[in-house]
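Visitor: Before I ask anything, here is the structure I am working with.
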Amino acid sequence: MVDDNTAIRVEHVSKTFKLPHERQSSIKGALINTFKGGKRTYEKQQVLNDISFEVKKGEFFGIVGRNGSGKSTLLKILAGIYSPTKGAIHTSGKLTPFIELGVGFNMELTGRENVYLNGALLGFNRTEMDAMYDDIVSFAEIERFMDQKLKNYSSGMQVRLAFSIAIRAQSDILILDEVLAVGDEAFQQKCIDVFEQYKASNRTVVLVTHDMEQVRRFCSRAMLINNGDVLAIGDPNNVARKYSELNIQKLNTADSVDNSAIDIRLINDQGKTSHTYGVNETVTIQLSWPLDLKGVKNIGLGVMKNSGELMFGVNTIGKGVQLKDNQLSSSIKLDLGPGKYHIIAGLFGDSRNATIDFRENGPEFIVKGNDKNDEEGLVRLKNEWH
Amino acid sequence: MFSRIFSKQNRALLSELVRTDFKLRYQGSVLGYAWSLLRPLMLFGILYVIFALVIKSGDGIPHFPVYLLLGIVLWTFFTDMTTQSLGSIVGRGDLIRKIRIPRWIIIFSSSISALINLGLNLVVVIVVMVINHVAITGNIFLLPLILLEIYLFALGISLFLSAAFVKFRDIGYIWEVILQLGFYLTPILYSMTIIPEKYQKLQLLNPMAQAMQDARYTVVSQHPKVITIARAFDGGWYTVIPFVLVGIALVGGLVYFKSQADSFAENI
C-alpha cells in the first residue's frame, strides 16, 4: 500500500459534518423530529472534498490555509481523532496521537504530576517517565518550579514543559497545529533545533500554520487548502505566495500583479545578504528583473511596515534616474523604529498607471532597537535640543 | 484481544487517569483522603439513627445495622459509578478532541475510581461486622461474584449513559430521577418482609435488588427474613431474569458505545 519513501498517503479523503440548525441535544427535540417523519433539520457541511496527497519520509510538510479552510479538520483526521466520511489514509510508522501541546494538562496539579499524566497520554508508564523525567525538566528549564501547581506557571513555562514532553513521543510522524505560534525567540530556536534532529533521523513533521514566515523557513514542502480543496502543493515559496494572493483577493486589493518576476535582495554595509538591521543602519536594495520585460521607464520602491503602513516610497522618474539595464540598486538609511518591515517594488511604463510588474510581498527584514531606549516612535526624525 | 486492550500504554494511561481523579477529588480539603471513609460513615450514621432506631424498618432482622450498611454501600457504588461515568466523556472533551486515545479507557477509569471507593467502604462494613459480632460463614466467598455482577451491570449502563449524554444532555436529569426511584424500589433501607409477597417477586427481578439481597444473605445473615430471589421464587426459572438483564445491559451498552465512539470528537 505504502512504498518505502512515503510516510503518509491520503487518498480521496472527504469529510462532511452534520450541523443541526438548532443543536439537537435534548430528547424532546429528537422525538419531535422523529414525529415529523424523520425530517432532517441539519445541514451537511462539506469540510474536505476528495483530498489526495502524499508526504515523504523525512519531510517537513506544511499545511496552510485561511481560517475555516479545513486544515485543522484534515489534521485531526491524520491524527485519528476524526474518521473520514470517505476515502482512506495509509501511514507507515507511528503517528503522534496529539495535535496540540499540553493536552490534558491540569492546572490544579503540580508540574511534576502533569509530566507523568501527559506522559501517560503518550503511552509511557511510570518507570519510563522516571527515566526521562530529568531530561524533560532540564530541557524545559523549569527545575525550580516542578512542585508548584501548573496554574502558577507563566504561559511560556507551560509551553516549554509541554514541548519538552511531546518530543519524547516515540513516533515517526509528528503532527502539530500552530505550535510555533507561542513561545519566545529562544524557545522557537530550540524547537527548530529539535525539528532539525527529526529531519536528520528521517522522521516526518506535519505542521499546520497560517504563518507564511514559518512555512518559508522550515518546510521542505507545503500544501495550501481552501474551502476543502487542495489549491497548491509543492515548493513552500510558491505555496506561500499563493496563500498571499488568496488573502489579497479576499481583501480586494485592486489590480496587484503578483507572481512577480522582480528579484529583490537586501545587502548590509558589509556587502552581505542580511535580514536584520540596527536603527539608522543602511540597507542596499538590489532589484533585478528578467530582460524580456520591455518598456520599463520607471521603477518604484517602498518600505512597508508589516502592520501595513508605507513608511517610505520613492521612484526613479521623479529623481531623474536613467535606467540602463535590467538591474538597479538603492541605498536607504533606516531611520526607523524597531519592527518588522518588507520591501515592495514595481516596474512601470510611460504613464503612471502602466504597471508592468509589481511585487507586493518582497523580502522581510527586522529593525532591531538599541539598548539606550532614548528614542521612541515609528520613525527616527533628526532632532536637536536647543 | 485482551492483551491489546490491556497493552502497556493503556495500563499506564488508566493508572494515571485514576490517580489524577483521586488527587483532584480531595484537593483543598483538610482531611483529604480520610473523607473517603468519613463520608460513608457519617451518612450511615444518619440512616442508622433514622431507620434502625426511630422507624425500626428492620422488622426483626438480625444484625440489621450491618444489613443496612451493606445495602447503602452497594447502592452508593452503583450510583457513584454510573453518575461519574455519565459525564465523563463530555467532561474529558478536551482530551477526546485533541488526542487519539481509546474512548473506553475514560469509562474504565471512572469505574476503577468507584471500585476503589467500594473497597474503602467495605472496610467500614467489616469494622461494623466485627462490632456487631456477625458470624462469618463459607458463603462469604460468593460475595466477589455478586460484586462482579453489580459491576458489570453498572458498566453496561455507564457505557450507554456516557455515550448518550454526548448527544442528549437530558440524560443527566433523567438518570438522576431514575436513581431516586431506584433508591426506594431497591430494598436498601427496609426489610423486604414489609412488602406484600407478590410485589417481592417483582422487586427482586431488578438486578440491584437481587444482588443486594444475595450479598446480605452471604455476608450478614441467613435468617428467613432475608428474602433472596431463590427463596422468593423457590428456585424457579424466573431466578435467571436479573442475570439476563445484566447481560442485556452490558452487551447493549458496549454495542451502543462502540457505535458512537468514533463520532465523540465531533459531537461533544
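The numbers here are math on the coordinates, done by the rules we state, and not lab data. Keep in mind that this is a model prediction, so the values were computed, not measured. Positions of Cβ are backbone-derived with ideal geometry, glycine not excepted, and every protein chain shown enters the neighbour counts.
Visitor: So B:F44 fits all but one of (1) hydrophobic (A, V, I, L, M, F, W, C); (2) in a loop (DSSP other than H, G, I, E, B); (3) under 21 Å from the mean Cα position of the chain (by Cα); what number is the exception?
Guide: Every listed condition holds for B:F44 apart from (2).
Visitor: Here's another thing I want to ask about it. When the residues of region A:331-360 are filtered to those that are of a type in the set (S, T, Y) and over 26 Å from the mean Cα position of the chain (by Cα), which remaining residue is surrounded by the most Cβ atoms within 10 Å (Cβ to Cβ)?
Guide: Within region A:331-360, the first condition is being of a type in the set (S, T, Y), and the residues that meet it are A:331, A:341, A:351, A:355.
After this cut, where a residue has to be over 26 Å from the mean Cα position of the chain (by Cα) as well, the list is A:331, A:351, A:355.
Values: A:S331: 10, A:S351: 9, A:T355: 15.
This residue is A:T355.
Visitor: Looking only at region A:184-224, count every residue that is in contact with a Gly (Cβ under 6 Å, 6 or more places away or on another chain) and over 25 Å from A:G93 (Cα atoms) and tell me the total.
Guide: Residues in region A:184-224 being in contact with a Gly (Cβ under 6 Å, 6 or more places away or on another chain) and over 25 Å from A:G93 (Cα atoms): 0 in total.
Visitor: Give me the helices (runs of 4 or more DSSP H) completely within region A:37-142, filtered to those with at least 3 residues that are out of contact with any helix residue (DSSP H, G or I) (no Cβ under 8 Å at 6 or more places or on another chain) and surrounded by fewer than 17 Cβ atoms within 10 Å (Cβ to Cβ), ordered by residue number. Reasoning before the result, please.
Guide: Working: elements: A:71-79, A:111-121, A:126-140.
Once the helices (runs of 4 or more DSSP H) in region A:37-142 are filtered for at least 3 residues that are out of contact with any helix residue (DSSP H, G or I) (no Cβ under 8 Å at 6 or more places or on another chain) and surrounded by fewer than 17 Cβ atoms within 10 Å (Cβ to Cβ), what remains is A:126-140.
Visitor: Only one of these conditions is not met by B:I188: (1) in a helix (DSSP H, G or I); (2) of a type in the set (V, I, T); (3) within 15 Å of the chain's Cα centre (by Cα); (4) away from chain A (no Cβ under 14 Å). Which number is it?
Guide: Here B:I188 clears every test but (1).
Visitor: Let me ask something else. Please tell me if B:A265 is touching a residue at least 12 places away in the same chain (Cβ under 8 Å), within 14 Å of chain A (Cβ to nearest Cβ), assigned to a helix (DSSP H, G or I) and buried (at least 17 other Cβ atoms within 10 Å of the Cβ). First the steps, then the outcome.
Guide: Working: touching a residue at least 12 places away in the same chain (Cβ under 8 Å): yes; within 14 Å of chain A (Cβ to nearest Cβ): yes; assigned to a helix (DSSP H, G or I): yes; buried (at least 17 other Cβ atoms within 10 Å of the Cβ): yes.
Here the answer is yes, as B:A265 does meet what is asked.
Visitor: Considering B:Q213, B:Q180, which residue is buried (at least 16 other Cβ atoms within 10 Å of the Cβ) and assigned to a helix (DSSP H, G or I)? Before the answer, list the steps.
Guide: Working: B:Q180 fails: buried (at least 16 other Cβ atoms within 10 Å of the Cβ).
Answer to the selection: B:Q213.
Visitor: List every residue pair whose Cβ atoms sit under 6 Å apart, with the two residues 6 or more apart in sequence or on different chains, where the first one lies in region A:118-141 and is within 8 Å of chain B (Cβ to nearest Cβ) and the second, anywhere, is assigned to a helix (DSSP H, G or I) and of a type in the set (S, T, N, Q).
Guide: Close Cβ pairs (under 6 Å, with a partner that is assigned to a helix (DSSP H, G or I) and of a type in the set (S, T, N, Q)) amount to A:G123/B:Q9.
Visitor: Something else: Would you pick out the residues in region B:91-103 that are in contact (Cβ under 8 Å) with a residue 60 or more places away in the chain and either surrounded by fewer than 19 Cβ atoms within 10 Å (Cβ to Cβ) or within 16 Å of the chain's Cα centre (by Cα) (or both)?
Guide: Answer for region B:91-103, where residues must be in contact (Cβ under 8 Å) with a residue 60 or more places away in the chain and either surrounded by fewer than 19 Cβ atoms within 10 Å (Cβ to Cβ) or within 16 Å of the chain's Cα centre (by Cα) (or both): B:G93, B:R97, B:P102.
Visitor: Taking the conditions exactly as written (within 14 Å of another protein chain (Cβ to nearest Cβ), among the charged types (D, E, K, R), surrounded by fewer than 23 Cβ atoms within 10 Å (Cβ to Cβ) and farther than 24 Å from B:I112 by Cβ), does B:R231 satisfy them or not?
Guide: Numbers: within 14 Å of another protein chain (Cβ to nearest Cβ): no; among the charged types (D, E, K, R): yes; surrounded by fewer than 23 Cβ atoms within 10 Å (Cβ to Cβ): yes; farther than 24 Å from B:I112 by Cβ: yes.
So B:R231 does not fit the description; no.
Visitor: Mind checking which residues of region B:163-212 are among the aromatic types (F, W, Y) and within 30 Å of B:D94 (Cα to Cα)? Outline the logic, then answer.
Guide: We begin by selecting, within region B:163-212, every residue among the aromatic types (F, W, Y); these are B:165, B:168, B:173, B:175, B:183-184, B:190, B:199.
Those that are among the aromatic types (F, W, Y) and within 30 Å of B:D94 (Cα to Cα): B:F165, B:F168, B:Y173, B:W175.
Visitor: Tally the residues that are more than 14 Å from chain A (Cβ to nearest Cβ) and of a type in the set (G, A, S), restricting the search to region B:163-185.
Guide: Initial filter on region B:163-185 (more than 14 Å from chain A (Cβ to nearest Cβ)): B:176, B:179-185.
Imposing the further condition that a residue be of a type in the set (G, A, S) reduces the set to B:182.
The number of residues fulfilling the criteria is 1.
Visitor: Among all residue pairs at least 6 apart or on different chains, which show Cβ distances below 7 Å where the first residue, located in region A:145-165, is surrounded by 14 or more Cβ atoms within 10 Å (Cβ to Cβ) and the second is of a type in the set (D, E)?
Guide: Short answer, once both residue conditions are applied: A:K149/A:E108; A:G156/A:D184; A:R160/A:E141.
Visitor: Can I ask one more? Output the qualifying pairs, or none if there are none: Cβ atoms under 8 angstrom, residues six or more apart or on different chains, first residue in region A:302-330 and surrounded by 11 or more Cβ atoms within 10 Å (Cβ to Cβ), second residue of a type in the set (D, E).
Guide: A:N306/A:E364
Visitor: Looking at region A:218-226, can you tell me whether even one residue there is assigned to a loop (DSSP other than H, G, I, E, B), surrounded by 17 or more Cβ atoms within 10 Å (Cβ to Cβ) and of a type in the set (K, R)?
Guide: No, region A:218-226 contains no residue that is assigned to a loop (DSSP other than H, G, I, E, B), surrounded by 17 or more Cβ atoms within 10 Å (Cβ to Cβ) and of a type in the set (K, R).
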